[in-house]
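So the structure is just underneath, and the comments pick up after that.
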Amino acid sequence: MPEHSYTLPNYNQKRPFSSFLPGVAGELGVPMWVFYVNRGQAITSFGVESKDVPIMEFQSANKAYQRTEREGFRTFIKWQKGAESGYYEPFSSSPQAEMHISMSELTLVDENPEIGLKTEVIYFTLPAEPFAALARQVTITNISDSPIEVEILDGMPALIPYGIDNGGLKMVGRTLEAWMQVVHHESGLPFFRLAATPGDTAEVQEIQAGHFALSFTDAGKSFPLVDPAIIFGANTSFSTPDNFLKQSLAELQQRKQITVGKTPCAFFGEAASLAPQQSITLYALFGHVNGYENIASQRERIATPTYFAQKRAENQQLIENLTNTVATQTADPRFDAYVRQTYLDNILRGGKPVFLGGHPYHIYSRKHGDPERDYNHFFLAAEFYSQGNGNFRDVCQNRRSDVLFDPRIGDHNIRTFLSLIQLDGYNPLVVRGTSFHLDPEQRTELLTLVSNVDEGLVSLLEQGFSPGALLKYIVDHHIELTVSYNEFIDQALRHATPHLEADYGEGFWVDHWTYILDLVENFLAVYPDHKDELFAAKIPFYRSPAQVCPRAERYVRTEKGVRQYNAVKHIGETGWTQTPDGKIYETTVFGKLLLLAAIKFSTLDPEGMGIEMEAGKPGWYDALNGLPGIFGSSMNETYELLRLVRFLKAQFSPRRGEMPDRAEGGKLTVLTEFGHYFQSLATLSKSRASRFAFWDEANALRESYRAEIYQQGISGEEISFLYT
């Protein structure tokens with residue numbers, strides 16, 4: 001068991017909670033999402049990519065707490081000790097069951113002293129493999145003084161074949177059973193998938209990818225049962241394995257299995273005679289591959305206890321290495337473990353920066369989507385160098401310390417998140433990662449490292465790619481390289497142009513921008529001598545297909561009085577703001593910070609206190625969703641605005657009697673449209689207008705500015721003014 005595990009005794013009787021395995025498989029590994037709760041045998045759902053590619057169906061927390069004991073992993077044991085015999089299911093509401101939680105794996109232990117059996121279950125995900133899989137290791141030990149004969153069935157009552165998304169399972173699960181099939185189960189390596197695409201379309205395609213289940217013992221292979229009726233009989237509730245209770249394991253294994261038209265199970269059986277203190281271990285892998293041959297060809301290599309032990313140790317070491325950056329030694333080992341765990345959690349949101357071809361590239365980042373946060377549409381790319389999606393706020397706040405732990409990251413994060421700040425002061429919700437593009441000459445040079453080039457690889461390089469997608473194609477299509485994977489990716493990216501990918505998502509939140517100053521301050525804490533270089537760096541403006549409506553459109557009369565609804569309208573397409581001649585417009589980092597401060601300053605409420613939720617969304621706290629409709633504002637963002645204004649003001653202060661050199665000649669150059677707005681706002685702020693009059697005029701200025709950039713676009717011309 002890994003060091004610094006947390007032990008939860010009698011976990012079935014404790015208040016319910018949900019958590020997850022890290023979903024980290026290393027740079028050259030394919031990750032898997034795995035969620036667990038403290039009920040039954042813990043695992044409540046798992047799969048690849050998102051909840052739309054489940055192997056065990058995703059369940060919201062309320063249902064997971066109810067169903068996991070019955071619909072999750074199960075172990076059925078028929079035992080005989082002398083003249084005594086019986087049936088036993090470990091972890092079924094057992095008061096003796098313990099849960100041991102570590103950063104890398106999950107262990108369950110259940111002792112039954114009356115029978116004399118101890119059951120230990122270990123879960124971890126496979127690192128450094130071209131396929132994703134959950135490893136499950138079940139060890140049953142005779143802790144009595146007498147020999148015990150056992151027959152064991154272990155597995156999952158329902159394995160979802162590949163090709164069914166979460167919506168289909170929830171809405172038309174019965175209908176989709178007509179497409180379900182299990183193939184190759186006679187070989188001991190069953191493959192679960194739909195026979196074809198199930199959509200109501202004229203063109204139907206055969207599905208090649210699928211999920212697999214593989215089990216073995218120290219003695220060799222275990223025979224799979226994929227038809228739940230063989231085990232449970234007419235007991236469709238899965239409460240007890242009725243047929244298993246009536247018939248021997250050998251008899252069940254001889255029965256004909258129905259492998260089409262129903263939701264399959266994945267159980268493996270074994271019989272053994274256990275002397276006192278003797279154990280039997282069942283090893284199982286449940287995973288996903290893009291074709292049956294991709295796993296069948298690996299079977300002999302991976303179906304050994306030695307392989308399991310190696311991968312378990314490798315998985316522990318992977319997580320240990322990831323968190324060694326913050327390795328802490330104090331008088332309290334619990335605190336030391338806490339530091340590692342919080343840093344790991346930071347990585348799982350913001351990502352771990354690696355450098356590929358000289359480009360910073362964050363791997364492992366994703367939205368957290370555990371059963372308690374069932375609203376999150378998380379995504380973990382099923383590929384090497386896996387990246388996932390993430391919300392702007394979450395990713396930004398979890399990358400604030402990157403430069404402190406790895407100074408090589410430089411100003412990369414500042415450029416990334418400030419680039420996504422729009423001319424209207426808002427930003428897209430979803431940050432999807434980075435794609436890379438090569439020009440024709442670069443593609444030709446790269447392909448000299450490939451022995452068997454095909455059209456698909458050429459097409460992928462022409463369209464743009466992520467490092468993981470490129471290697472995924474190479475692995476899945478058996479492309480041969482003259483160099484290692486790492487060397488190939490390094491060459492591919494060395495001369496590539498990175499493209500930041502983002503999506504508008506669901507709206508403009510009031511608080512997303514508030515972590516950007518932390519990025520800047522942490523960078524300057526490491527590189528104070530690069531301040532001028534940072535402020536002069538040029539970055540673009542993202543453009544969402546949505547616009548904030550003026551007050552005349554979002555203020556409406558209702559039966560309950562005046563409300564602020566329909567704050568955003570959808571117009572145009574996603575992209576980057578361009579000048580009339582089609583060039584992407586860029587401003588300086590300093591200019592972007594100034595724009596952000598000016599927009600937020602003009603968004604103060606009529607009391608001059610909180611920043612208004614004018615775009616229809618509150619901050620991160622979703623329970624406040626009704627506030628924008630009743631003209632809510634937020635003080636948290638006002639304090640952040642004060643920080644930003646003070647920071648910018650400090651940059652205006654002369655050094656040693658000289659004008660600051662943030663811009664050439666002591667000037668600040670900005671887009672003309674923003675410059676006119678900024679100057680008008682500055683004049684208004686110096687006036688003696690009442691709070692309400694200031695609020696009204698500031699809103700009018702902002703609406704006029706937005707109308708200009710929304711409707712006419714930008715001129716591309718710039719205006720300069722002196723620091724004062």
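So what is the diffusion coefficient of the stretch 66-168 in µm² per second by Stokes-Einstein at 10 °C and 1.306 mPa s, using a Kirkwood Rh over Cα pairs?
Values: Rh = 15.7 Å.
It diffuses with D of about 101 µm²/s by this estimate.
Quote the FRET efficiency, to the nearest 0.05, computed for T672 versus K569 with a Förster distance R0 of 25 Å and r equal to the Cβ-Cβ distance.
Once rounded, the FRET efficiency stands at 0.45.
Kindly list the residues of the stretch 100-135 that lie in the label zone of D145, defined by a backbone N under 19 Å from the point 7 Å along the Cα-to-C-beta vector.
Label zone hits: 112-118.
Measure of size requested: the Rg and Dmax of the stretch 144-244, with Cα atoms as the atom set and Å as the unit; please supply both.
When restricted to the Cα atoms of the stretch 144-244, Rg and Dmax are 17.0, 66 Å.
Of all accessible surface on the chain at a 1.4 Å probe, what whole percent is carbon and sulfur?
The value for the chain is 49 percent carbon and sulfur by accessible area.
Heavy-atom accessible area per residue, the chain, 1.4 Å probe: how many Å²? Write down the numbers at each step before the final one.
Values: 31070 Å² over 724 residues.
The answer is 43 Å² per residue.
List the aspartates and glutamates whose Cα lies under 15 Å from the Cα of K63, skipping any in the same chain that are fewer than 8 positions away.
Excluding near neighbours in sequence, the set is E71, D370, E372, D374.
Between E718 and R15, what is the label-to-label distance in nm when each label sits 7 Å out along the Cα-to-Cβ direction?
The modelled label-to-label distance comes out at 5.6 nm.
If you find the alpha carbon centre of the stretch 262-278 and of the stretch 69-110, how far apart are they in angstrom?
So the separation of the two Cα centres works out to 12 Å.
Using only Cα positions of the chain, each an equal point scatterer, no hydration layer, compute I(q)/I(0) via Debye at q = 0.07, 0.10 Å⁻¹ and quote the log10 values to two decimals.
For the chain at q = 0.07, 0.10 Å⁻¹, log10 I(q)/I(0) is -0.59, -1.06.
Checking the cross-link filter: which aspartates and glutamates have an alpha carbon closer than 13 Å to that of K262, excluding same-chain neighbours under 8 positions apart?
E177, D227
Calculated FRET efficiency, F652 and E455, Cβ-Cβ r, R0 56 Å, to nearest 0.05? Don't jump to the answer; show the numbers that get you there.
On the way: r = 58 Å, r/R0 = 1.03.
Between F652 and E455 the formula returns 0.45.
Relative contact order for the chain: what is it in percent, counting Cα pairs under 8 Å that are at least 6 residues apart?
Once normalised by length, the contact order is 10 percent.
What relative contact order, as a whole-number percentage, does the stretch 373-434 give when Cα pairs under 8 Å and 6 or more residues apart are counted?
39
On alpha-carbon atoms, Rg over Rh for the stretch 291-370 using Kirkwood Rh?
Using only Cα positions, Rg/Rh for the stretch 291-370 is 1.10.
From the helices alone, meaning DSSP H stretches of at least four residues, give me the mean residue ellipticity at 222 nm for the chain, per-run term -39500 (n - 2.57), in deg cm²/dmol to the nearest 500.
-9000 deg cm²/dmol
In percent, what relative contact order does the stretch 535-629 have, based on Cα pairs under 8 Å that are 6 or more apart in sequence?
30 percent.
Too long at a 21 Å Cα-Cα cut-off: which of K531/K600; K352/K583; K538/K667; K221/K256; K367/K617; K51/K617?
Beyond 21 Å between Cα atoms: K531/K600; K352/K583; K51/K617.
The values are calculated or read from the model by the stated rules, or taken from the named source; none is laboratory data. Quick caveat: nothing in here was measured; it's all calculated off a predicted structure. Neighbour counts run over all protein chains shown; Cβ positions are idealised from the backbone, glycine included. Please note that ligands, DNA and RNA were not included when accessible areas were found on the heavy atoms of the full protein model with its side chains. Shrake-Rupley method; radii C 1.70, N 1.55, O 1.52, S 1.80 Å.
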